[in-house]
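Okay, structure first, notes after.
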Amino acid sequence: MDNIWIVFVTVFLLCTVILYRNRLSLMLKSKRKNKLPLGTLGWPFIGETVEFVSCAYSDRPESFMDKRRRMYGKVFKSHIFGSPTIVSTDADVNKFILQSDAKVFVPSYPKSLTELMGESSILLINGSLQRRIHGLIGAFFKSQQLKAQITRDMQKYAQESMASWREDCPIYIQDETKKIAFHVLVKALISLDPGEEMELLKKHFQKFISGLMSLPIKLPGTKLYQSLQAKKTMVKLVKRIILAKRNSGICKVPEDVVDVLLSDVSEKLTDDLIADNIIDMMIPGEDSVPLLMTLATKYLSECPAALQQLTEENMKLKKLQDQDGESLSWTDYLSLPFTQTVINETLRMGNIIIGVMRKALKDVEIKGHLIPKGWCVFANFRSVHLDDKNYECPYQFNPWRWQDKDMSSCNFTPFGGGQRLCPGLDLARLEASIFLHHFVTQFRWHAEEDTIVNFPTVRMKKRMPVMVRRVES
């Protein structure tokens, strides 16, 4: 009898515990579900990727975000690029994501991009190695020595390019700025001057970059396969340069980024890692910086008052230079206040970097929104920059708004933020300042019809043709 009673009590207690745990689990799941942002995961497997991509390549790429923000709020759930994703168009949430360390979020990008970048890319690695590489490159990019070199090279290549411009045929601004910026950046990375090897590198690099957002299929003949083959060729070229530098002895005063990375004593930076990252760092020279200059030209073409004030400011600097008879320094260009406001407004409206993607390593709650472990989060900068709550008349090009505006605000993140803040932000501003100075002091122009388009169409299809007229000295 006692044994039966003991068995009965044991079974009763076990059932009670199981029921309690199941009920608690359901309550936690319900609570977790209630904290998930509103939204939809779309179709099975593909989610909302098709609509996201089609909107991204339209004249209003923010339409995907705007539609869902009206329906669900500034933070919503979706399913893009094969992963359930929390999308943020909220400046405070974006700031939290950018400033979080690798224990909370790690980079997460479409598979084709991660295949091309490689596991050792600074865009993808985490922890002490990422901080070390980022710190080395960031310190070199901020050095006065490099800024002086960038200024000399930018002046030289811009002048050479503009000297060939003719008044009787259109000048394609995006093509011209790509040539200039790529030469300047490659010189800073590997000390390679224009010539046959540079042209070969550029040819392979264009094949490489064309596959960054391709389908993740590596079969021969596919875009991704061709891009990977192009990268292998570039890696061989860069590794030859690295080997030559190792054999000749490491420079005490670095002349380029390869020298900086070779000087690291930790021995964690292998030749393969250095070569991969050098190639990844060429992307701004082919894409981001030329686009900044092209969009500045576009917006100035649409705003005669801004163009006039920019021209007057730069003509004053040119007259001072002519009087002194000395070349302009990098501090001269960056000290032009209205030029900097034009660049700020171009960055805000153009959104060279649309946003960043991360993956949550644990459940994270921000402003009452849950980002579940294993989900991706997309911090969208464009929606913040074009939000009428943050900027009055956000679609109007208005450089004057920056004359009294706090640039440290989390409402303005054109170069990202946190530990992964773009190390080349100062150089991008410098190159754009130099290009605009030489452009407006030597030419007057008007844009060809049907070229005034929004980002990113200008990146993909339009090359911003303008007809120029040379200014008499």
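For Ala306, are the conditions met, namely being among the small types (Gly, Ala, Ser), over 27 Å from Ala56 (Cβ atoms) and open to solvent by less than 40 Å² (accessible area, probe 1.4 Å)?
Values: among the small types (Gly, Ala, Ser): yes; over 27 Å from Ala56 (Cβ atoms): yes; open to solvent by less than 40 Å² (accessible area, probe 1.4 Å): yes.
When the stated conditions are applied, Ala306 passes them.
Show the residue pairs meeting these rules: Cβ distance below 6 Å; 6+ apart or different chains; first residue within the stretch 93-105 and under 12 Å from Phe378 (Cα atoms); second residue in a loop (DSSP other than H, G, I, E, B) and open to solvent by less than 20 Å² (accessible area, probe 1.4 Å).
Pairs found: Leu98/Gly417.
Hey, which of the strands (runs of 3 or more DSSP E) in the stretch 350-456, taking only ones fully inside, have at least 1 residues that are closer than 25 Å to Met65 by Cα and open to solvent by 20 Å² or more (accessible area, probe 1.4 Å)?
355-360, 364-366, 369-371
Is it the case, given these coordinates, that Ser112 is of a type in the set (Gly, Ala, Ser), surrounded by 22 or more Cβ atoms within 10 Å (Cβ to Cβ) and touching a residue at least 24 places away in the same chain (Cβ under 8 Å)?
Yes: the conditions hold for Ser112.
Cβ-Cβ below 6 Å, separation at least six or inter-chain, first residue in the stretch 183-206 and more than 23 Å from Gln155 (Cβ to Cβ), second assigned to a helix (DSSP H, G or I): which pairs?
Once the first residue is more than 23 Å from Gln155 (Cβ to Cβ) and sits in the stretch 183-206, its partners that are assigned to a helix (DSSP H, G or I) give His204/Ala230; His204/Thr233; His204/Met234.
Of these, Phe64, Phe45, which one is assigned to a loop (DSSP other than H, G, I, E, B), without any contact (Cβ under 8 Å) to a residue 40 or more places away in the chain, more than 19 Å from Val364 (Cβ to Cβ) and of a type in the set (Phe, Trp, Tyr)?
Answer to the check: Phe45.
Which one is modelled with the lowest pLDDT, of the residues in the stretch 280-291 that are among the hydrophobic types (A, V, I, L, M, F, W, C) and open to solvent by 10 Å² or more (accessible area, probe 1.4 Å)? It would help to see each step written out before you state the result.
We begin by selecting, within the stretch 280-291, every residue among the hydrophobic types (A, V, I, L, M, F, W, C); these are 281-283, 289, 291.
Okay, now just the ones that are also open to solvent by 10 Å² or more (accessible area, probe 1.4 Å), so 281, 283, 289.
On the way: Met281: 91, Ile283: 87, Val289: 94.
Of everything passing the filter in the stretch 280-291, Ile283 is modelled with the lowest pLDDT.
For the stretch 81-104, enumerate the residues that are in contact with a Lys or Arg (Cβ under 7 Å, 6 or more places away or on another chain) and part of a helix (DSSP H, G or I).
Selection gives Asp92, Val93, Ile97.
Report, ordered by the first and then the second residue, all pairs with beta carbons closer than 9 Å, sequence separation of six or more or different chains, a first member in the stretch 219-237 that is more than 24 Å from Asp271 (Cα to Cα), and a second member that is assigned to a helix (DSSP H, G or I) and at pLDDT below 90.
As it stands, the answer is Lys223/Ser112, since those pairs meet every condition given.
The values are calculated or read from the model by the stated rules, or taken from the named source; none is laboratory data. Because the structure is predicted, anything quoted here is derived from the model rather than measured. Every residue, glycine as well, gets a Cβ built from its backbone with ideal geometry; the counts of neighbours run over all protein chains shown. All accessible areas refer to the heavy atoms of the entire protein, side chains included, with ligands and DNA or RNA removed. Shrake-Rupley method; radii C 1.70, N 1.55, O 1.52, S 1.80 Å.
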